[in-house]
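None of the figures in this text is laboratory data; all of them are computed from the coordinates on show. No experiment lies behind these values; they were computed from the predicted model shown.
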Amino acid sequence: MAANKLVALWNHPAGPKTTVTATGVIWSRYSMVITPKNWNLFSVNVAMAGTGLYQLSRKIKQDYFSESTEIEAAAVQE
């Protein structure tokens, strides 16, 4: 039962893929505002934001651009 809830959370449009990106961007900004600047926090969160953006780009590509590829592949087979 718990696994089903975790799968639903993971696949939700505003799930962890989105929050990792947002968290990385927010904390990267914060690390440059505080005194003294925390470059270690900044670098880790830039990497986290980059990873989140990469995952979001993969999801968008799969959700919006894979259908045309499947249709083209089906047309070639016919």
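Numbers at a glance
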| quantity | calculated |
| --- | --- |
| For the stretch 29-39, 3J(HN,Hα) per residue [Karplus equation, 6.51 cos²θ - 1.76 cosθ + 1.60, θ = phi - 60°, Hz, x = Gly/Pro] | 4, 4, 5, 8, 8, 6, 10, x, 4, 9, 6 |
| Hull shadow area, averaged, the stretch 1-50 [alpha-carbon convex hull, nm²] | 4.0 nm² |
